[in-house]
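S.K.: First the structure, which I've put down as structure tokens, then a few questions once you've had a look.
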Amino acid sequence: MIIPKKTYYKVGAALFILMFLTVAAAYLNLGPFNIYIALTIACVKAVLVVMYFMHVKYQTKVTWLFAGAGFLWIVIMFALTMSDYITRY
Amino acid sequence: MNIPYTSTARLDTGLYNAKLGIWLFLASEVMLFGALFSTYVLLRVNAPTWPHGYELLNVPLATLNTIVLISSSVTMVMSWASLMMKKFGKFKLYMGLTILLAFVFLVVKYFEYTAKFEHHLFPSTNTFLAIYFTITALHGLHILGGIVVNTYLWGPGSKMWQNDPQRFTNRVEVAGLYWHFVDLVWIFLFPVLYLL
């Protein structure tokens, strides 16, 4: 597995840009959209880290399975935790 | 006892054992931090009032720490890439930088914590600070753990490069996977605790 150095620097640069976007967006009062914007940016950053720094993009299906399992379980946990809140009204 | 598949991949999994092991460990870590994040969500949606993080916390310092952690992820992956290119000197440099950046993160965190205590803001002050201190302290412990492992690999552990370079490269990769995960947790902690 050979990945050009440039790829890492580009991903690093993208992470910095997204970080500044997230901070800038936080200073705008967008009501409920603030949460969506912040979490969307965080998810994009997470995908970049997992795919490129953790090399999942270049890995075998077994690695995808493990990374996917971690994601699936956390989705279940959040969905069930939130079931109280989203069914209140 | 000889641990099998430390440098070569197992045929059935297609991975060397340590890599499978670290991914299993990280999946369990997802649940550990996930439990605390969902605790945060439940506490927040049930609280009559909830402060904006930036009213109580120091956003510029946290932004600085975000820059520090992202940079350390870049240097960490570069230290592994250096070993892949058989450049041991470069590995030492990048791994050294990673450890240094991790210390910078903890020093900044120390100043943040002490500033809170000076203003009489403690975990017992309110629910927001309770969950803030719990999650950031657990994350801080992970940084500390990373420093211990990375320092071992940078120092005495690097002797392995002489007699089993592939196994050593794999060890650095596994430590890197852990380190990127710790960065990943911060990517969510930063907006959730400081900005929202």
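The values are calculated or read from the model by the stated rules, or taken from the named source; none is laboratory data. For clarity, every value in this text was computed on a predicted model and none was experimentally measured. Heads up, the Cβs are rebuilt from the backbone with ideal geometry, glycines too, and the neighbour counts pull from every protein chain shown. With ligands, DNA and RNA removed, areas are computed over all heavy atoms of the protein, side chains included. Shrake-Rupley method; radii C 1.70, N 1.55, O 1.52, S 1.80 Å.
S.K.: I need a count of the residues in the stretch A:46-71 that are modelled with pLDDT of 95 or more and out of contact with any helix residue (DSSP H, G or I) (no Cβ under 9 Å at 6 or more places or on another chain).
M.R.: So the answer is 1.
S.K.: Might you let me know whether the stretch B:5-15 holds any residue that is basic (Lys, Arg), open to solvent by 30 Å² or more (accessible area, probe 1.4 Å) and either at negative phi or part of a helix (DSSP H, G or I) (or both)?
M.R.: Within the stretch B:5-15, one or more residues are basic (Lys, Arg), open to solvent by 30 Å² or more (accessible area, probe 1.4 Å) and either at negative phi or part of a helix (DSSP H, G or I) (or both).
S.K.: Still on this structure: Out of the residues in the stretch B:23-65 meeting the condition of being among the aromatic types (Phe, Trp, Tyr), within 17 Å of A:LEU39 (Cβ to Cβ) and assigned to a helix (DSSP H, G or I), tell me which one is most open to solvent (accessible area, probe 1.4 Å).
M.R.: By that ranking, first place goes to B:TYR54.
S.K.: Right, something else. I'd like to check which helices (runs of 4 or more DSSP H) are fully inside chain A and have at least 1 residues that are buried (at least 16 other Cβ atoms within 10 Å of the Cβ) and in contact with a Lys or Arg (Cβ under 9 Å, 6 or more places away or on another chain).
M.R.: Result: A:5-26, A:61-86.
S.K.: Another question about this same structure. Filter the stretch B:13-23 down to residues that are within 9 Å of chain A (Cβ to nearest Cβ) and more than 15 Å from B:HIS180 (Cα to Cα), then give me how many there are.
M.R.: 4
S.K.: When B:PHE133 is evaluated against the numbered criteria (1) more than 13 Å from the chain's Cα centre (by Cα); (2) open to solvent by less than 10 Å² (accessible area, probe 1.4 Å); (3) farther than 21 Å from B:LEU26 by Cβ, which criterion, by number, is the only one it fails?
M.R.: Checking B:PHE133 against (1) more than 13 Å from the chain's Cα centre (by Cα); (2) open to solvent by less than 10 Å² (accessible area, probe 1.4 Å); (3) farther than 21 Å from B:LEU26 by Cβ, the one that fails is (2).
S.K.: A follow-up question, please. How about the stretch B:158-196: which of its residues are away from chain A (no Cβ under 14 Å) and either outside any helix (DSSP H, G or I) or in contact with a Lys or Arg (Cβ under 7 Å, 6 or more places away or on another chain) (or both)?
M.R.: Matches in the stretch B:158-196: B:MET160, B:ASP164.
S.K.: Can you say whether B:TYR94 is of a type in the set (Ser, Thr, Tyr), open to solvent by 70 Å² or more (accessible area, probe 1.4 Å) and either over 16 Å from the mean Cα position of the chain (by Cα) or at pLDDT 95 or above (or both), as far as the supplied structure shows?
M.R.: no
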